[in-house]
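Reading through the structure tokens given below for one structure.
Read the figures in this text as sums done on the coordinates, not as results from a lab. Values in this document were obtained by computation on a predicted structure and should not be read as measured data. Backbone-built Cβ (ideal geometry, glycine too); neighbour counts: all protein chains shown.
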Amino acid sequence: MRHSSAQRGAQAAFACCLVAMLYGCATPKHQLPEIQDNRVYAAAAEIASAPEPTAREVSDTEAVARISALYNRLKPAAIDVCRYVGEHHCHWELTYSPEEEINAYATDEATVVIYKGIVQYARSDAEIAMVIAHEMAHHIANHIRESQNSQVVGAIIGGVAMTLLLGDAAAYSGQIISDGMQIGAAAGALTFSRKQEMEADYLSAYIISRAGFDLDAGRGILVKLGRLGERTTSTVLDTHPAGPERLAAWDLATAEIRSGSPMPRKR
């Protein structure tokens, strides 16, 4: 079924409003550091002045060995944080991807996937450790299930809201209601993703610190990601925070840890 331009416009406005509404309900379990604008501006300047990241030649054998060694070093610290948070499943599987891309992700099967590109672009073990710990943190904070639940809730709200928004037109078209549910599910996924990324960064700082890695060295990967990403600010439609926000938040988490905080601060 083809939608009129008015209906498409209404759907776009509806999507933005739904994301904004659900985003206000997405609350991390931990008390994340509050980022001041001046810190974000300073982080943006640092990222802008950093050299363009370059990859170096690394064999798959070398990359696998390095990632595995760092993962094993991180695991006891990650389990400590996991138990403290209250998560009962604190065992994960490490998977290597030969993709030459600076990327990594966590899956709903308690798996941490690290791309070869992380090793190629990193210039220290602490940078690679930060990425591994970040993906562990997604599991520790139960972000996968949280996102799945938010998509379901978003789909329900989206279907109902689209019906109310378009009135009789929606009542006679299952497609319009289906569109609303799809938009709602996508909005539900977006609402949690940015805050989840910030929470995963926060937990990863504690993990790598407990594992004996240098926090200042670990932040280097955030500078590289910020330089490659080029975004200086975030919007409600972004899946990840902008680089300056992540870097500023990391520095605040570092200061918190060095002030004597032994574990992440819960709400």
Per-pair calculated FRET efficiency, R0 = 22 Å: E87 and Q31 via Cβ, rounded to 0.05: 0.80
Cα→Cβ-extended label distance, 7 Å offset, between D60 and R145, nm: 3.5 nm
Estimated inter-spin distance, A42 and E101, nm [label 7 Å along Cα→Cβ]: 3.5 nm
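Quick check on packing: order 56-64, 135-143 by the mean number of other C-beta atoms within 10 Å, highest mean leading. Each step should come with its number before you reach the end.
Details: 56-64: 12.6, 135-143: 24.2.
Ranked from most to least packed, the peptides come out as 135-143, 56-64.
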